[in-house]
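Single-structure report; data block below.
The values are calculated or read from the model by the stated rules, or taken from the named source; none is laboratory data. Predicted, not measured: the structure shown is a model, and the values here were computed from it. Cβ: placed from backbone, ideal geometry, glycine included. Neighbour counts: every protein chain shown. Areas reflect the complete protein model, heavy atoms only, side chains present, ligands, DNA and RNA absent. Shrake-Rupley method; radii C 1.70, N 1.55, O 1.52, S 1.80 Å.
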Amino acid sequence: MSAVETSVKDVASAASRLRRTAWYRQPRFTRLWAMVALGVLLALVTGEQGNTRDIFFSLEGSLTGPNLWVCLALTVGVWALREFASTPIKGAVDQAKAAVGRPGGALRDRLQGDQRLRWGLIGLALVLALVVPSMLSRTWQTVLVDQIAIFALLAIGLNVVIGWAGLLDLGFFAFFAVGAYSTAFWTGRLPVEPPMVLNPFWVIPIAVVTCLVTGLLLGAPTLRLRGDYLAIVTLGFHEIIYLVAKNADGVTGGPQGARLIPDFSFDFAGIEYTWSIKPLPYWYLLVFFIVLVIVLFSRLEHSRVGRAWTAIREDEIAAAANGVDTVRFKLMAFAIGASTSGVAGVIFTSKYGYINPEVFPLLQSILILAYVIFGGMGSIPGVLMGAAALVWLPEALKDYVDASDRYMYLGALLVIMMIYRPQGIWPSRRRQRELKMAEEGLGDADAMSEPAGGKA
């Protein structure tokens, strides 16, 4: 064998070693390291509280006792169950379905083909949404109204921007602030006098239009941006709204905000009703608007506009090459997505009767984004479930976990979810297909930015 052949073989052998993935970098072990890190984090969260006399007291108490091993056993156990037991469990479930004639598939086919059954199940869910809250305590009724229903309405709007149009928005809660301050302005509770003082009920269409216009103002200068750059701009938009509300004393009331905003009331065609401080009437009102928005947005998703958003989300350049007016439809996504914030802002402000800039922190924008991703981008049922689950968890931990630690548990749940089910609780079928293709190397699952190196 000549020296040249030996050199070529050595180079080929070295290249093959470079292509070979080390065992600790394989996906299974990458997930293990993530779960171990999560176990250490849980040990710190659930361990000893710190004190001012010894800065290492919390670390020593949390990482040297049995609590660390309990947390590691829990997270590594979840990893082992998912990695080694999921295939046998799935196989057993598939065999059981085959033995009984695949009832799951038959039920799915029947739901798709039988409109009466589908509408019957939707009606049952609506009845449960109206009846079950009356059986809950006053505390949980307040949580349903002030957090779950309000954030569900906001998440549906953000789903239009992120899930359908693929535009990453980190400042969506600013539209909620616009709707809230619109209510304070038109009810005459700001230093600037309105042309006429209106009932909060009649402020709803004005707040919706105001949020639509604000969405257009945000979208117009950002049409050339995508991915991380668009996210930074929307983040800045939230901070602009927050700082204007905090510093424009002569317009927004500054840090003191707006007080004595009237209760929500309805007076039309001889029918008059005023919502009291009780949360249940507000729950029924919010359910009405949520159902209305779902019906309208569902029709929009399957329309020409919805198909254009899908084309932009999957490949904006290809969509423009095929005649889609990307500028117009991206502006529509920003505006229509922001419209739900107007309704939520009016109802929230009327119920509380008081707002100030500190009600609209940046954290809330990040949480709404987490609700959409956790539930399933592009899926309205998934978005509702994601908002309900992630709002419920901190409230359920209120009696057991310190207030400063509750969101740590929320973060741990998000980490586990993104490792093992990145498509969300109830994903859209399109999103599931994208993730499956990405795992097979046939596409890019991130519809909000281009893959490394650009589009293939």
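The set of residues in the range 308-332 that are of a type in the set (Val, Ile, Thr) and farther than 13 Å from LEU167 by Cβ comprises ILE317, VAL324.
Take LEU367 and decide whether it is open to solvent by 30 Å² or more (accessible area, probe 1.4 Å) and either at pLDDT 90 or above or part of a helix (DSSP H, G or I) (or both).
Numbers: open to solvent by 30 Å² or more (accessible area, probe 1.4 Å): no; either at pLDDT 90 or above or part of a helix (DSSP H, G or I) (or both): yes.
Taking the combined requirement at face value, the residue does not satisfy it.
Of the residues making up the range 236-254, those that are closer than 30 Å to ARG313 by Cα and crowded, with 18+ Cβ neighbours inside 10 Å are PHE237, HIS238, ILE241, TYR242.
Selection over the range 257-271 of residues that are at pLDDT 80 or above and loosely packed, with under 12 Cβ neighbours inside 10 Å gives a count of 1.
Here is a yes/no grid of residues against (1) outside any helix (DSSP H, G or I); (2) open to solvent by 40 Å² or more (accessible area, probe 1.4 Å); (3) out of contact with any Pro (no Cβ under 8 Å at 6 or more places or on another chain); (4) at pLDDT 80 or above:
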{"position": "ALA389", "(1), (2), (3), (4)": "no, no, yes, yes"}
{"position": "TRP392", "(1), (2), (3), (4)": "no, yes, yes, yes"}
{"position": "LEU414", "(1), (2), (3), (4)": "no, yes, yes, yes"}
{"position": "MET418", "(1), (2), (3), (4)": "no, yes, yes, yes"}
{"position": "GLN423", "(1), (2), (3), (4)": "yes, no, yes, yes"}
{"position": "LEU442", "(1), (2), (3), (4)": "yes, yes, yes, no"}
{"position": "ASP446", "(1), (2), (3), (4)": "yes, yes, yes, no"}
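Contact map, the range 112-141: residues that are on the phi < 0 side of the Ramachandran plot paired with residues that are among the polar types (S, T, N, Q) and not in a helix (DSSP H, G or I), Cβ distance under 7 Å, separation 6+ or inter-chain. No pairs are found. The condition (being in contact with a helix residue (DSSP H, G or I) (Cβ under 7 Å, 6 or more places away or on another chain) and more than 30 Å from TRP202 (Cβ to Cβ)) is satisfied by just one residue among ALA321, ALA308, ALA258: ALA308. Looking across the range 32-69 at every residue that is farther than 21 Å from SER404 by Cβ and at pLDDT 85 or above, the one that is most open to solvent (accessible area, probe 1.4 Å) is identified as TRP69.
Yes/no matrix, rows are residues, columns are (1) surrounded by 24 or more Cβ atoms within 10 Å (Cβ to Cβ); (2) closer than 23 Å to GLN423 by Cα; (3) touching a residue at least 60 places away in the same chain (Cβ under 8 Å):
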site: VAL143; (1), (2), (3): no, no, yes
site: GLY157; (1), (2), (3): yes, yes, yes
site: VAL160; (1), (2), (3): yes, yes, yes
site: GLY163; (1), (2), (3): yes, yes, yes
site: ASP169; (1), (2), (3): yes, yes, yes
site: TRP186; (1), (2), (3): no, no, no
site: ARG189; (1), (2), (3): no, no, yes
site: PRO195; (1), (2), (3): no, no, no
site: PRO200; (1), (2), (3): no, no, yes
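Among the residues of the range 303-311, are any touching a residue at least 40 places away in the same chain (Cβ under 8 Å), exposed (fewer than 13 other Cβ atoms within 10 Å of the Cβ) and over 24 Å from LEU126 (Cα atoms)? Within the range 303-311 (the criterion being touching a residue at least 40 places away in the same chain (Cβ under 8 Å), exposed (fewer than 13 other Cβ atoms within 10 Å of the Cβ) and over 24 Å from LEU126 (Cα atoms)), the answer is no, since none of the residues qualifies. The set of residues in the range 272-294 being closer than 21 Å to ALA149 by Cβ and open to solvent by 80 Å² or more (accessible area, probe 1.4 Å) consists of TYR273, ILE277, LYS278, TYR284, PHE288. Checked against the criteria, PHE297 does not count as among the aromatic types (Phe, Trp, Tyr) and open to solvent by 20 Å² or more (accessible area, probe 1.4 Å). Looking at the structure I just gave you, is TYR400 of a type in the set (Phe, Trp, Tyr) and open to solvent by 40 Å² or more (accessible area, probe 1.4 Å)? Against the criterion (of a type in the set (Phe, Trp, Tyr) and open to solvent by 40 Å² or more (accessible area, probe 1.4 Å)), TYR400 qualifies.
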